[in-house]
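As structure tokens, the structure follows; a few thoughts come after it.
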Amino acid sequence: MEHNKQVQEEIILKHSKNWLLLHLIFGFLLTITIIGAFIGIPLIVLTILRYSTESFTLHANSLVVKRGVFTRNTNEIPCSKINNINTYRNMLGLVFGYGDIGIYSANASEPEVFKNIANPGKVKDAIKLRMDSFEDSQPNNK
């Protein structure tokens, strides 16, 4: 029983946003103008807060999403409940290798969207691999 618990807690993939530098540079450039100071400084603060307070972790049997600045929301999506995964990439995302991932689960009416994720195709493949291995381990109900 203890061994099974350790297998479930094994972290397969842990991901946090990593486009902080791009947002910080953009915020700094806005800050160097007088009008930009009213936009740039809040943008820098908001980016740091978002960067440090949002993450998702892929475990052997589930995807755990943590979000929140002043409150902490944790959502666990079992791999068995994930129906579909979509990636969204704009032109800059294609050039710099980042994009958004939408995860559709049986438990939610709206997808769980993760924005500005590095290598969204690789992340999607890692999640799909966990979904497929979970489905393969289930006995056939015939």
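Every number here is computed from the coordinates shown, using simple stated rules; none is lab data. Being a predicted model, the structure only gives us computed values, none of them experimental. Cβ sites come from the backbone with ideal geometry, for glycine too, and all protein chains shown count toward neighbours.
In table form, for the structure just shown:
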read-out: For segment 38-46, Karplus couplings with θ = phi - 60° (6.51, -1.76, 1.60), whole Hz, Gly/Pro x; value: 6, 9, x, 5, x, 5, 4, 4, 4
read-out: Inter-label distance, nm, simple model (7 Å from Cα along the C-beta direction), Ile25/Glu76; value: 4.0
read-out: For segment 52-60, 3J(HN,Hα) per residue [Karplus equation, 6.51 cos²θ - 1.76 cosθ + 1.60, θ = phi - 60°, Hz, x = Gly/Pro]; value: 8, 10, 9, 7, 9, 10, 8, 9, 4
read-out: Proximal charge balance of Gly121 [Cβ under 14 Å; K/R count +1, D/E count -1]; value: +2
